[in-house]
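Here the structure is laid out as structure tokens; the discussion comes afterwards.
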Amino acid sequence: MENMGQETTVRKSSKTGLLLASLTGGAAIILSAVCFPFVSPALRRVVLPYVPASTQQVENVMKALAKSHAGGRKLIDLGSGDGRIVLAAGQRGFQSHGVELNTVLVLYSKLTAWRNRITNATFSRQDLFKVDYTKYNNIVIFGVEEMMPELEQLFERSLKSSSQVIACRFPLPNWKPSHVIGEGIDTVWVYEV
């Protein structure tokens, strides 16, 4: 009799352990799936983490766009993140497009544009090194220091004259800005092509 009671306890304990292991494993898989789009940039040649633009950075970019001599109202934001720049530019009448590798952020940006009824703001999951820049007069980049030399070379080959590049957080290493707006991490360097 005593032996049967121990067997029942072992079975219950075994089932509880199996249930806990299943729940823990399932939670780990779900957490990994949710986090992957945010962690995967660290696996690329140039790490481009998601760091949201501050309100001041968005305002500085909008000031740069207001002073623009770039003859057009088409904007592309490279590494658009949650779409703050693209949405703000769209609200100010720019035909704006955001390029982002993180699928979750692209979907979030599209949803925000739809929710706010900003029809001239679009987003796509795309590699910023494979974009046709000839369609845009205003190029905004929130890059990291390591990628700025490569972007500078890309811009020299692919931008049309009368374009404007707005670099945030880090300047282009060899170009001389036409003007600088803000200070510290909110600094914006404006380059006329």
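The values are calculated or read from the model by the stated rules, or taken from the named source; none is laboratory data. Quick caveat, the model's predicted, so the values are computed rather than measured. Each accessible area value is taken on the protein alone, full model and side chains, heavy atoms only, with ligands, DNA and RNA left out. Shrake-Rupley method; radii C 1.70, N 1.55, O 1.52, S 1.80 Å.
Would you confirm whether any residue within region 2-9 is among the aliphatic types (A, V, I, L, M), over 20 Å from K135 (Cα atoms), modelled with pLDDT under 95 and open to solvent by less than 100 Å² (accessible area, probe 1.4 Å)?
So far as region 2-9 goes, no, none of its residues is among the aliphatic types (A, V, I, L, M), over 20 Å from K135 (Cα atoms), modelled with pLDDT under 95 and open to solvent by less than 100 Å² (accessible area, probe 1.4 Å).
Can you spot a residue in region 138-155 that is farther than 17 Å from F170 by Cα, among the charged types (D, E, K, R) and open to solvent by 30 Å² or more (accessible area, probe 1.4 Å)?
no
Conditions (1) part of a loop (DSSP other than H, G, I, E, B); (2) closer than 14 Å to T122 by Cα; (3) at pLDDT 95 or above, marked per residue:
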| position | (1), (2), (3) |
| --- | --- |
| N60 | no, no, yes |
| A70 | yes, no, no |
| D77 | no, yes, yes |
| I85 | no, yes, yes |
| G93 | yes, yes, no |
| S96 | no, yes, yes |
| V106 | no, yes, yes |
| S109 | no, yes, yes |
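How many residues are open to solvent by 70 Å² or more (accessible area, probe 1.4 Å) and outside any helix (DSSP H, G or I) if we restrict to region 175-191?
So the count comes out to 3.
List the number of the failed condition for F123; all other conditions in (1) assigned to a helix (DSSP H, G or I); (2) of a type in the set (F, W, Y); (3) under 14 Å from the mean Cα position of the chain (by Cα) hold.
Every listed condition holds for F123 apart from (1).
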